[in-house]
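No lab work stands behind these numbers, since they all come straight from the coordinates. Everything numeric in this text was worked out from a predicted model, so none of it was measured. No Cβ is skipped: glycine too gets one built from the backbone with ideal geometry, and neighbour counts run over all protein chains shown.
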Amino acid sequence: MSTVNPRRWWALLVLATAQFMVIMDTSIIGVALPEMQRDLGFSPEDLSWVFNAYVIAFGGLLLLGGRLSDLLGARRIFVSGWVVLIAGSVVAAAATTAWVEVVGRAVQGVGGALIAPASMTLLMMLFGHSPKELGKAMALYGAAAPAGGTAGVFLGGVFTEWMSWPWIFIIYVPIGLATLAATGLLPAAAPRRGAVDVLGAAAVTAGLALAVFAVVRAPEIGWGATATVLQLIGAAVLLALFLVIQKSIRTPLMPLAVWRTPGLGISNLGMALLGAAWIPMWYFLNLYLQQVLGYGAFASGAALLPMTALLMVFMTLITARLLGRWGAKPLISGGLLVLAAGLLWLSAIEPTGSFVVDVLPASLVAAVGMSLAYIPAMMAAISGARQEEAGLASGIVNTTYQVGSALGLAALTAVATSQGAGKLGDLPALTDGFSAAFIGAAAVAAAGGLLTALLMRGDKPAAAPADERQPVGSGG
């Protein structure tokens with residue numbers, strides 16, 4: 001039996017930092033986009049690819065990252081991911097043209113797709129010996145994700161207003177190097193035999209990328225346009241081909257039997273809808289603060305700090321305890337419904353509103369909902385998986401969250417634009433558009449809450465099924 005890693009809590013700090021940075025990379029570019037558009041020559045319709053290039057590469061390759069983590073060793077893939085992320089950050093920071101910036105962002109996404117599932121596998125190796133410790137570790141690790149997303153908006157404002165936009169990428173270099181220096185704290189495991197399903201990886205990545213591409217472009221060219229319809233059909237065909245490949249080969253990227261893991265399917269649905277509601281919320285909230293209330297980049301980011309603080313406190317001190325007492329189902333369902341309530345409250349924003357009245361209380365309610373739902377959904381998705389499939393289960397649930405975020409943002413951007421969000425300078429029209437987006441996000445969150453309540457089993461999640469997982473420590 002392996003001994004418990006005495007440095008596991010220090011190792012958790014390394015993993016939580018990695019999770020924070022990977023998720024922050026999806027949000028830190030938000031307030032810098034106008035300056036990047038001016039300096040790099042992006043057209044208005046192409047500017048969103050600074051965000052989408054990262055998300056598509058990240059979401060599309062997470063399954064492959066999880067498989068590589070299971071086969072080649074999580075620490076090795078974790079290190080490789082940081083090397084790739086640092087390289088992409090250097091390219092993005094040094095870019096002088098739009099296409100180089102998009103390439104740099106895509107490379108960053110590849111790095112993130114290796115880091116995220118490897119981190120989850122390492123966490124299970126460090127804390128799988130104790131369900132109680134695993135719950136505490138998951139609370140700290142889980143808090144790093146939404147906190148990173150929200151903090152990215154604030155830090156993006158700091159760098160953009162007081163320095164320059166390349167610093168939102170340069171910051172990843174010293175932090176990445178420090179993380180690499182600390183990887184000796186992480187457990188090592190010998191590689192396992194197995195092949196990598198390259199064809200399946202290509203099919204699922206291309207299918208997800210094409211689906212996101214179609215939804216992102218649809219507001220511009222029309223949902224009924226021939227190109228949009230063909231792209232969506234092509235995405236469906238590629239994803240269907242992926243399933244056929246998984247069923248027919250000996251070493252699939254995603255063994256379909258993994259979906260027999262208790263809670264995996266419905267918890268992934270919950271994570272997808274959570275991302276589809278949460279990410280558009282902070283995106284449009286930031287636009288409301290800047291374009292309607294007149295906040296600068298720094299002030300807009302600072303206005304979101306109360307949400308970040310509440311997320312950290314609630315997830316680390318409260319959610320883990322509630323999960324142990326009540327189980328995942330009521331927290332996921334209730335959290336999504338609380339998030340929906342906060343979003344509906346935000347939809348009452350006014351053109352002459354204020355932060356204290358129109359934004360702060362509603363955003364805190366939304367943050368409580370996110371805090372309740374995120375960790376239980378993640379735990380429900382991975383807790384029943386065998387240790388050798390931990391990376392795969394983590395890759396699946398991270399994929400659904402990221403793809404849900406991208407699709408939700410694209411769809412709600414279309415809703416907001418149709419209601420006036422594109423009319424810069426027209427404060428009532430902008431407010432109507434943002435309000436419509438918040439209502440749409442509330443509907444998404446409410447649907448997630450109701451579906452979870454109806455379809456999810458009510459059993460308390462077991463952090464480490466006794467019949468499938470042996471206690472693990474520092475590895476060897």
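Dividing the radius of gyration of the alpha carbons in the range 201-296 by their Kirkwood radius gives 1.11 for Rg/Rh. Only Lys, Arg, Asp and Glu carry charge here, each on its Cβ (+1 for the first two, -1 for the last two); on that basis the chain has a dipole of about 1640 debye about its Cα centre.
With Cα atoms as the point set, the range 94-173 shows a radius of gyration and Dmax of 16.6, 50 Å. Most tightly packed first, judged by the mean number of other beta-carbon atoms within 10 Å of their residues, the peptides 264-276, 92-104, 114-126 read 114-126, 264-276, 92-104. Calculated over the range 286-341, the projected area of the Cα convex hull averaged across directions stands at 4.7 nm². Adding -39500 (n - 2.57) for every DSSP H run of four residues or longer, then dividing by how many residues the chain holds, sets the calculated 222 nm ellipticity at -24500 deg cm²/dmol. Short to long, the 10 Å bins of the Cα pair-distance histogram for the range 197-252 hold 27, 43, 21, 8, 0 percent of all pairs. In the chain, one over the average inverse separation of all distinct C-alpha pairs is 22.1 Å, which is the Kirkwood hydrodynamic radius. Peptides 176-184, 367-375, 81-89 ordered by packing proxy, namely the average of other Cβ atoms within 10 Å per residue, highest first: 367-375, 81-89, 176-184.
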